[in-house]
Amino acid sequence: MILALILALSAGALVGMQNIFNNKVNEKAGSWTTTTLVLGMGFAASMAMGLIFEGKQMFVLQNMQPWYWGSGCLGVGVVVCLVQSYRRLDPTYAVSIVLTSELFFALLWDSLGWLGLEQIPFTLNKLIGVLVIVGGIFVFKLSGETKKQKKMQMKLDYNA
């Protein structure tokens, strides 16, 4: 259990760091170049690590549903959408929306038993949990706008 928590926290930290790097690449190279670089380097790193740790066993893919082969294409959508949302929103706001969306859809797919998942009953507690997170995003965004408005007012006052 502890290892799972450490891995989940590490994944969150790595995704957050990757999003920052992707955003910086996007500022110089554009969205599709960023996506190509991110996924290309990810492919190369994954292939190298897979060969080191699994060897030929890496290519044994038995009993896999055909539609799962397209999961890498979902990564294109992930990177493009994240890079574009970072550009248009504050990074923290964008990530909080992405994480809330991820949680909502995980809850939906778990509850319906879609995509090969074991069906887990939907409960009021789960819904309340998602709604609390959504409420937190609204509070976060509203407080952020207030700070921006204060900065703008200070600039106006300074220039006057």
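The values are calculated or read from the model by the stated rules, or taken from the named source; none is laboratory data. Model, not experiment: these values are computed from the prediction. Neighbour counts run over all protein chains shown; Cβ positions are idealised from the backbone, glycine included. In case anyone asks, the SASA skips ligands and DNA or RNA and just uses the protein heavy atoms, side chains included. Shrake-Rupley method; radii C 1.70, N 1.55, O 1.52, S 1.80 Å.
Quick check: is even one residue across region 4-24 in contact with a Ser or Thr (Cβ under 7 Å, 6 or more places away or on another chain) and either closer than 23 Å to P91 by Cβ or surrounded by 11 or more Cβ atoms within 10 Å (Cβ to Cβ) (or both)? Yes, region 4-24 contains at least one residue that is in contact with a Ser or Thr (Cβ under 7 Å, 6 or more places away or on another chain) and either closer than 23 Å to P91 by Cβ or surrounded by 11 or more Cβ atoms within 10 Å (Cβ to Cβ) (or both). Restricting region 132-144 to residues that are without any contact (Cβ under 8 Å) to a residue 40 or more places away in the chain and open to solvent by less than 80 Å² (accessible area, probe 1.4 Å), the residue that is farthest from N63 (Cα to Cα) is S143. Being over 22 Å from the mean Cα position of the chain (by Cα) and either among the polar types (S, T, N, Q) or not in a loop (DSSP other than H, G, I, E, B) (or both) holds for only one residue in G42, G55, G16, and it is G55. Is at least one residue of region 111-131 in a helix (DSSP H, G or I), surrounded by 13 or more Cβ atoms within 10 Å (Cβ to Cβ) and within 15 Å of the chain's Cα centre (by Cα)? Taking every residue of region 111-131 in turn, none turns out to be in a helix (DSSP H, G or I), surrounded by 13 or more Cβ atoms within 10 Å (Cβ to Cβ) and within 15 Å of the chain's Cα centre (by Cα).
Exactly one residue among S71, S10 is modelled with pLDDT under 90 and assigned to a helix (DSSP H, G or I), and that residue is S71.
Here is a yes/no grid of residues against (1) in contact with a Gly (Cβ under 6 Å, 6 or more places away or on another chain); (2) in a helix (DSSP H, G or I); (3) open to solvent by 70 Å² or more (accessible area, probe 1.4 Å); (4) of a type outside the set (A, V, I, L, M):
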| site | (1), (2), (3), (4) |
| --- | --- |
| V78 | no, yes, yes, no |
| S101 | no, yes, no, yes |
| F104 | no, yes, yes, yes |
| L108 | no, yes, no, no |
